[in-house]
Structures are given as structure tokens and as C-alpha cells.
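The values are calculated or read from the model by the stated rules, or taken from the named source; none is laboratory data. Computed from a predicted model, the values in this text were never measured in an experiment. Methodologically, a virtual Cβ is constructed for each residue, glycine included, from the backbone with ideal geometry; neighbour enumeration extends over all protein chains shown. Ligands, DNA and RNA are excluded from the accessible area calculation, which covers all protein heavy atoms including side chains. Shrake-Rupley method; radii C 1.70, N 1.55, O 1.52, S 1.80 Å.
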Amino acid sequence: SSSIFRTTDAVLLIWDMMASDSPYCCLEGIGFSITTLAFSSSGDLLAAGLSNGRIRICNTHSRSMHNQPYLGHSKGIKHIVFSPTEKYILSIDFEDKALLWNIEGTTNHVTNGRLIFLGDTCLTAAFSPAEHFLYCRTSDSLCCWDIEAEMEVGRVEFSEERFYESALSVSPNG
């Protein structure tokens, strides 16, 4: 069970609350305010979305920051989601622009960042358990994207105001 604390001088501290009262991971040099954080499902990776639109990923075991920041957003990051196998992250900025990043590889560096919701605003998103699909909740619809084909494969439009809520979850059986 980890706990995170960010200080005002752009330092990220992580504790194992069950093992110690002092941080086991201290990351310096982030440089900007952290606007969102997300752990991968294994807990091995921690993504920090920054106020300058960049994303930094930390390996919680080696206590190191990946060398290259993820660039592509012009506004601060409000939401980050890891895919179930940790191959991808999806980031959403404060303009509701979503970017899908492939972070797979031995060095876990960025191999591509793709704008995937062109023309839409993405309020929140979720991956399918098998990581084949990505679902995005816009202001008036629910979109389904095939990640490998890089295309929208389904959309449900909402015409009633009661569907404005942005909560989204995918069942474990897809």
C-alpha cells in the first residue's frame, strides 16, 4: 500500500505505509506542478501529469524517472489511465484533448503519441480488459476505439441531459 506526497518544490515522495514512516522513493527534477497521478495495475509504474502538459513516468522499484518526458499536450494534464498490460497510457488535458501513448519496450520510452479523439472532447476514458478497445466519454456520446486499427468502431449518441455525467467503467468481461 503506497502513499504519495508532492511537495511545493516539485519533489515527489512515495511511502510504503505498511513498512516505514520514511519515503522509499524521492523523485526530484519534475520541474512543474503535478496535476494528476496514476499507478499502473502492477504498481511498478507511476505516471505524473504536469501543469505544462508533459507526462513523466517513474519506475517505483528502481526509483528512477524515465529519461524522456511525454510531450504533446499544450495544456496541463487532468487525467491519466494505464492500460491493463501497461503497454499504453491515455492522457487527457484540461482542454479535453486525449493522447494515446505506447510505452511498451525495455526502456519504456515513448514510441508514439497519437491524437485519437479528433473533433471530440474526451471527458474520461477506460480500456477494455483485453486492451483491444478504448472507450471515451464525450459531452454527448460514448465512443469505442479499436486501438490496433486506430479507428472508431462504435458510437452511442446521448440526446438527454441526464447522461451528462462523465463517469465511465468497463466490466471485467469486456
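Miscellaneous remarks
So that you can scan it fast, the table gives a plain yes or no per residue for (1) in a loop (DSSP other than H, G, I, E, B); (2) modelled with pLDDT under 90:
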position	(1), (2)
Ile57	no, yes
Ser62	yes, yes
Gln68	yes, yes
Val81	no, no
Ile92	no, no
Asp96	yes, yes
Trp101	no, yes
Glu104	yes, yes
His109	yes, yes
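- Contact map, the range 35-57: first residue closer than 10 Å to Asp93 by Cβ and open to solvent by less than 50 Å² (accessible area, probe 1.4 Å), second residue charged (D, E, K, R) and assigned to a loop (DSSP other than H, G, I, E, B), Cβ cut-off under 6 Å, separation 6 or more or different chains; pairs are Gly53/Lys75.
- Residues in the range 134-159 that are buried (at least 20 other Cβ atoms within 10 Å of the Cβ) and within 17 Å of Pro84 (Cα to Cα): Leu134, Cys136, Trp145, Ile147.
- Counting only strands (runs of 3 or more DSSP E) that fall entirely inside the range 117-158 and contain at least 1 residues that are charged (D, E, K, R) and within 18 Å of Ile103 (Cα to Cα), the qualifying elements are 141-146.
- Checking each residue in the range 29-55 for being over 18 Å from the mean Cα position of the chain (by Cα) and at pLDDT 60 or above picks out only Gly31.
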